[in-house]
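Reading through the structure tokens given below for one structure.
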Amino acid sequence: MKKHSLMAIATVATMAMVSCTSKQKVSETLIAGLSPEKFAAEVDGKPTALYSVKSSDGMEAAITNYGGRIVALQVPDRNGEMRDVVLGFDSIQAYLPENNQTDFGAAIGRYANRIDHGRIVIDGDSIQLPVNNFGHTLHGGPTGWQYQVYSAVQPNDSTLVLSIDSPDGDNGFPGNVKATVTYTALPGNKLDIAYSATTDKATVINMTNHSYFNLSGDPMKPITDHTLYVYASNFTPVDSTYMTTGEILPVEGTPMDFTTPRSVGEQIDNFEFVQLKNGNGYDHNWVLDSKGDMDKIAATLYSPESGIGLSIYTDEPGIQVYSGNFLDGTVTGKGGKVYNQRTGIALETQHYPDSPNKAEWPSVLLRPGDTYKSNTTLSFFAL
């Protein structure tokens, strides 16, 4: 694929887009070969199930209220055939942390990404959170919301509303927080994800979805052939523990520059560039030039094998690109397929990592009386 072709793809996709009862579960239709019975369980005394949202164009997402996880996401390829483009498991049991410590498809909270040494200060009070990743707090701590059960209500076949009541002290975070994640399948093969949260005590909130995409539809194939465009002139570098240094550096002239579309694998192993060595590939936050404008494409991913593309629109200031560097063949997912290194790529729209400790970065502080809101739309196309 020529360097500028994905920009044309994104433009074509943009032009093309100008173009039931409560608690409805998946029953008759088996999405991507999933068995709903394997998701009918109880975790921590709360029931889990598998749900489905569908668009009028044929896109269908299977979602479980355990961790708010997208389990499967079927979209049409260039030939109109449906392909499942996310990594995941066949049952609730496989998602439990004692079986697989993964974030596949999850609605992450309270705080997506890392907090330096698990320390935050709110209104002069120092708070120590439990650490669970290289000495830092990652994705809300060891029992973040990806390992908790959301309540689920489905008002129609295209919408699923998940909610969670997070008590004061949940993984060390202050405040009783009520949060929702709403998945809506929209015309044009789009999946909209809207987050909201309120609190009774000052706290920090940064939610995201942690789906691992493989747009070829075959997770046995690496994503290094996927073409990536990121609308970002800058990124936040990390140290050897994956923690942001506090700098914001330009991508120009570095392997971090995806303002001109190119393959994910083109420079991914260029460990002479210290940031790729520190990240073991791409595991970094990009500072989006879209600046929260939902009318501008923040990122586009494209599989030349299937012709499936994904454009991301978000009101968030950043996007974490994680190229599946720590997948190592020890995890077996849906259909008995083994997930090897770099067979999935996460595109996590969010505030920057460790923002609670970076006063000059966009704030993640949520106070009583205010409402946290975040919105991201995944827009699929095929060429």
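Looking across PRO368, PRO362, one residue alone is touching a His at 6+ places or on another chain (Cβ under 8 Å), modelled with pLDDT of 95 or more and open to solvent by 30 Å² or more (accessible area, probe 1.4 Å). It is PRO362.
Of the residues making up the stretch 151-167, those that are out of contact with any Lys or Arg (no Cβ under 9 Å at 6 or more places or on another chain) and open to solvent by less than 30 Å² (accessible area, probe 1.4 Å) are THR159, LEU160, LEU162.
Residues THR203, THR208: which one is buried (at least 24 other Cβ atoms within 10 Å of the Cβ), within 17 Å of VAL71 (Cα to Cα) and either touching a helix residue (DSSP H, G or I) at 6+ places or on another chain (Cβ under 9 Å) or modelled with pLDDT of 95 or more (or both)? The conditions single out THR208.
Conditions (1) open to solvent by 10 Å² or more (accessible area, probe 1.4 Å); (2) over 13 Å from the mean Cα position of the chain (by Cα), marked per residue:
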site: ALA72; (1), (2): no, yes
site: ASP77; (1), (2): no, yes
site: TYR111; (1), (2): no, no
site: ARG119; (1), (2): yes, yes
site: LEU129; (1), (2): no, yes
site: GLY135; (1), (2): yes, yes
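If the condition is being of a type in the set (D, E, K, R) and either part of a strand (DSSP E or B) or in contact with a Phe, Trp or Tyr (Cβ under 6 Å, 6 or more places away or on another chain) (or both), then the stretch 159-179 contributes ASP165, LYS178. Selection of the stretch 137-146 for residues being surrounded by 23 or more Cβ atoms within 10 Å (Cβ to Cβ) and more than 17 Å from LEU96 (Cβ to Cβ) yields only THR137.
Kindly establish whether VAL12 is at pLDDT below 50 and farther than 17 Å from VAL149 by Cβ. Yes; evaluated as a whole, the condition is true for this residue.
The values are calculated or read from the model by the stated rules, or taken from the named source; none is laboratory data. Owing to the predicted nature of the structure, the values given are computational and were not obtained by experimental measurement. All Cβ positions, glycine included, derive from the backbone under ideal geometry; neighbour counts span all protein chains shown. Quick note on the areas: whole protein, heavy atoms, side chains included, nothing else; ligands and nucleic acids left out. Shrake-Rupley method; radii C 1.70, N 1.55, O 1.52, S 1.80 Å.
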